[in-house]
Every structure is written in C-alpha cells, then in structure tokens.
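In what follows, a single structure is set out as structure tokens and then discussed.
Read-outs: derived from the displayed coordinates by stated rules, not from any lab. Just so it is clear, the model here is predicted, and its values are computed rather than measured. Using ideal geometry, Cβ is built from the backbone for each residue, glycine included, and neighbour counts are taken over all protein chains shown.
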C-alpha cells in the first residue's frame, strides 16, 4: 500500500473544521447526543468524504472514493461512515426513486442493535429508514419495494433474496444508490459468504448502471461508493482487494485509535478426562474434565470458568451453539450446587430475539455480575457495555478474531 492511500488520523483533521462540513441538521444531532467532540476517525472520515460547503449541488453529487475505516471496537466507526454519507444526501437529496444508502451488516443481532442509532440519524434529516432481515414483516418489505428510498440496513442473505425474487426491479430499487457500507468487513473476508457478498454488490452495480442508462444521464456511470468498517484488519491490502476487487489500489485506508491498550493475557491448559474419546460430541467434556474424569470437579475447566467469571461483566466465547448451551448448563449447575447467585446467560443466533436482547440489556445495565456464554454473535460489534474479562474456549475460528 502506498502512503497516498493511507491516512493517520492522529495528525490530521481538526475536529472543529470537520464538524463544520456537516449538514446543519446533523450538527444539531451531534449536539443532542451530548458529544463534546468527534472521535479521531470520525473527524478524518468527514474531512475525507464530505465536500466543503458549496452553493453548488453538484459538489455533493460527486461520488467520493472507496474507503476502509479501521478503528477499535466502540471507536465510532458507524457514525464515521454515516455522518458524511448522510450529510451529502441532505445537501443534495436524490431526484429519482431508489435506496440512497445500502448498509450491509453480517447478522440480525447486530442489525437490531444498530437500528435505533441509524433510525435516529436518518430522522435528523427526514431520511426514510428500514431494517431488513428475516424478522422484518412482509408488509414492511412490500411497502419499501414499492417505494424504495432512504437507508436500508440489511444482511447479505436478505439482499440476495431481494435480488433473486425481485431482480427485475433491481434498477428501480438501486438506481439512486450513492453509498454502500459494509460493517464488520473482516468477518466476510476469505470466506464463502464474503464471495457471495462481492457477487451481490456486483449485481447491485449492474442494476445501478442499467438505471443510469435508462435515465439518459450525460455524465459517465460511476458505481456507488463503498465504505468498509473493521476493528480487526490483519492485512490492509487484503481489505482493499475485498472491498473493490477491480481497483484495490484506489481504496483509501483511514485508521483511528486511542493509543496503546494494556491487556492481561493468560493461556490455561486442562488435562483431558480419562476415557474421553476424541469426538465432537465429547469435545467439551474432554477438555472440561480433570484427571479423575469429573467435568465440574476441582481443577476442571468448568470450575475455573465459574470462579474466574462469576464476578464482574464477562464474555465466554465457545466454538458452537451446542457448546454454548452445554457450558451454560454446567455453569448453572455449579452455581446451584454452591448456592450462590447465577450470573451466566447463553447468547447465540438460534435463540429467540427477545432472549438475546434481554441478555444484551442485562450486560449493559446490570449493576450485578453478568457473564454471557456466546458464539461470534457478540464478536461483531453488538453493544454490551464495558467488560472485565473475555474467555475463549479452544481456538477461535479465524486468526483475525483473536486480534
């Protein structure tokens, strides 16, 4: 990567100057949130992606280049992407039907967590908003297909279903598209699901190109800008190639951080229980048991997890939904046996939405100890407040997940 495509936010972008580039309605929204200043990555993103105030509407119609915003979790990446994108739309509203901004999120739990924030931002500029996934009502989806506008927050699977079932309307749906935002981009890279998403975005580009020709625009066609958001990006070059496969060198990288962070890291090993077979059904018991074969006895993994995570606010990552539930049950049994409060709750994508949301609220608001045993559903940016500790049972699925 060349220096021209990489920006260090530490030495660039005066927060006050970048704030002045925003549409007045969004400036009011920022004040209403009680923010004392913009985050470094937000300031740099606004400076890069929002053109200077100009009486010319055309300045806000110019498609900015593709960008990767990389910053730590809770570093303000969502607003860093949305503030300049929505500001440009507020200064130059669309003149033809179609969604203006496509926000792709990897999972429903994250969409449900993000939807209130995005809806609040969109309301500030009177921009329609819809969260679109498997739990969205058919009536709501039909309404938006008939009158596509504003911002759509969607999973790749729902986007594919939309293109498969209503492909003939794709130019109508995406003809006015200005920006595509891919949240938690690292979760798609080097995966089959990521290839699927790249194919879907290419189809969206083609639909947009078809609409451009049908409307007889005099200017050459330019696809919608793409913005990738990632907290853990091991290889910027791979990120650039993923975001815009045909022109990776044209993708800029904006990095933000809050300085060095000190972490205490421990690696703990436990003996396999005697007689345990190396089989997936016995994997948890195999590592949970002590030398005498008791999965919850002294010196076992479960006993250690219980003692080290029954105080404070913690996450315990397991490798599968079954392992999440089995671990939670064993921790429940330990709490019952010792007649102490039970802070452990399960969280994964197959649980009812109401249960997942209750678990997330419990983590954010509880004044008492709370620990979630979870899959990667809570690795991808869902807001669960401050944490005291994070445990990983066995190796993670990907190296990037451990960053």
Interatomic Cα distance distribution for the stretch 83-194, bins of 5 angstrom, percent: 2, 11, 22, 26, 20, 13, 4, 1
Spacing of the two label points (7 Å from each Cα toward its C-beta) at residue 320 and residue 265, in nm: 2.8
Footprinting exposure proxy for 48, 367, 246, 136 (fewest neighbouring C-beta atoms within 10 Å first): 367, 246, 136, 48
Prolate/oblate/rounded call for the stretch 3-255, Cα gyration tensor, a/c under 1.5 rounded: rounded
Value of relative contact order over the stretch 3-255, rounded to a whole percent, pairs C-alpha under 8 Å and six or more apart: 28
Distance between modelled label sites at residue 361 and residue 221, nm, 7 Å Cα→Cβ extension: 4.7
Added length on full extension, which subtracts the Cα-Cα distance from 0.36 nm per residue, residue 329 to residue 20: 105.9 nm
FRET efficiency for residue 210 and residue 307, using Cβ-Cβ distance with R0 set to 45 Å, rounded to 0.05: 0.15
Cβ crowding within 10 Å averaged over residues, with 32-41, 182-191, 70-79 ranked highest first: 182-191, 70-79, 32-41
Extension reserve of the residue 145-residue 96 stretch, reckoned as 0.36 nm per residue once the Cα distance is removed: 16.2 nm
Amide N proximity, the stretch 154-173 versus residue 246 label position 7 Å along Cα-to-Cβ, cut-off under 17 Å: 171
Ranked 328, 232, 336, criterion: other C-beta atoms within 10 Å, fewest first: 336, 232, 328
